[in-house]
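This report concerns only the one structure given below.
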Amino acid sequence: MVNIVIDEAYCKGCYLCIHYCPKKILEKSITINSRGYNIPYVVTPERCSKCKICELICPEFAMTVEENRA
Amino acid sequence: MHPIGEKYLRKEALPFLWCPGCGIGTILGATLRAIDESAIIDQVALVGGIGCSGWIPTYINADVMHVLHGRALPCATGLKMSDPKRKVIVFTGDGDCLGIGGNHFIHAARRNLDVTVIMVNNQIYGMTGGQMAPTTPSDAKTTTSPSGNPEFPFNACELAKASGATYVARWTTAHPQQLSKAITKAISHEGFAFLDVLTQCPTQAGRIIYGTADPATLLDTLKSNTITIRAAKGKSPEELEGKLLVGTLFQDNQKPEFSKSYFKTAEISRSSARD
């Protein structure tokens, strides 16, 4: 069971994660963080392929792909 | 925050000063993964020059120096020669390394000093507002070339190789996994290791040269303007026109490394003085 943790304290709303997710499971949410950015959210976490491109590309270390045993 | 950040970053210095969508954060992530993979955090000495890239070491919880514009390599030389067991990693920009720092760069490479130089290349002087740099493409519009750049850019990797560097690689922030592996290789390489890392710069190069501030568009442009060595095999010169090669471009493991040869010579002259 994959849990994608998005640290809204650090997100600067660049949306590179949304653009580069190969499964297209990230989208802009309506939640605005303390910096004033609409942070991304995971639409369908069960479709995550754990490629971790979001982790690698995020310039703020705000994305973590956690694998929890269901 | 991602565990690699929790492990290595100075939390009290956060948030990063870089613009939203800037590739420097990606480079910092790749570097931390390489340092983690090499398990060298207790031996590293990190040096940053002046410019946005020079701030990279200041966020890492390790021994760091933030030095004058263009003088990261002489400081790195001092760090390495005073304690050759140190793993010295230098973060410099295209202006810091090839402009004001150009002379230090060619000589450090000529000596084959055992340092890893990560040159963050946004093809412009970003921190000062977008002036043309030694790596700005010809005809590009910048604040100091409003009618188009009349000069020609350096090919930093060719310059490094010609000066005597023994590990030369080029990657972009669109290749974070390959970049991290290349940094790991550069750290373990005994000699002058140079990485030209092309980066998106939404605020300066993006708006001024490429006409957009959208990080994703800029990163896509970077990826499409480059081609890996494997993909370039068998392609015609027309197909490769305007594309920069990425990958490990040159490696030489035979050339003697500077600190070793320097201290060997010093020992020879000391023993001949004794006789």
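Read the figures in this text as sums done on the coordinates, not as results from a lab. Being a predicted model, the structure only gives us computed values, none of them experimental. Positions of Cβ are backbone-derived with ideal geometry, glycine not excepted, and every protein chain shown enters the neighbour counts.
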Would you call B:Leu159 surrounded by fewer than 24 Cβ atoms within 10 Å (Cβ to Cβ) and of a type in the set (A, V, I, L, M, F, W, C)?
-> yes
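Would you confirm whether or not the range B:243-262 contains a residue that is without any contact (Cβ under 8 Å) to a residue 60 or more places away in the chain, touching a Leu at 6+ places or on another chain (Cβ under 7 Å) and among the hydroxyl-bearing types (Ser, Thr, Tyr)?
no
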Would you mention how many residues in the range B:24-44 are among the small types (Gly, Ala, Ser) and surrounded by 22 or more Cβ atoms within 10 Å (Cβ to Cβ)?
-> 4
How do the pairs read when you match residues in the range B:1-30 that are facing chain A (nearest Cβ under 7 Å) with residues anywhere that are of a type in the set (S, T, N, Q), using Cβ under 6 Å and keeping only pairs 6 or more apart or on different chains?
-> B:His2/A:Thr64; B:Gly23/B:Thr173; B:Gly23/B:Thr199; B:Gly23/B:Gln200; B:Thr26/B:Thr173
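Would you point out the residue of the range B:83-115, among those that are in a strand (DSSP E or B) and either within 16 Å of B:Val67 (Cβ to Cβ) or without any contact (Cβ under 8 Å) to a residue 40 or more places away in the chain (or both), that is farthest from the chain's Cα centre (by Cα)?
This residue is B:Val88.
Per-residue answers, yes or no, for (1) of a type in the set (Phe, Trp, Tyr); (2) touching a Ser or Thr at 6+ places or on another chain (Cβ under 8 Å); (3) within 14 Å of another protein chain (Cβ to nearest Cβ):
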{"position": "A:Pro22", "(1), (2), (3)": "no, yes, yes"}
{"position": "A:Tyr41", "(1), (2), (3)": "yes, yes, no"}
{"position": "A:Pro45", "(1), (2), (3)": "no, no, no"}
{"position": "A:Lys52", "(1), (2), (3)": "no, no, yes"}
{"position": "A:Leu56", "(1), (2), (3)": "no, yes, yes"}
{"position": "A:Pro59", "(1), (2), (3)": "no, yes, yes"}
{"position": "A:Glu67", "(1), (2), (3)": "no, no, yes"}
Would you point out which residue out of B:Thr58, B:Thr26, B:Thr31 is in a helix (DSSP H, G or I) and under 17 Å from B:Phe194 (Cα atoms)?
-> B:Thr31
Residues being touching a His at 6+ places or on another chain (Cβ under 7 Å) and either in a strand (DSSP E or B) or basic (Lys, Arg) (or both): count how many of those fall in the range A:43-70.
-> 2
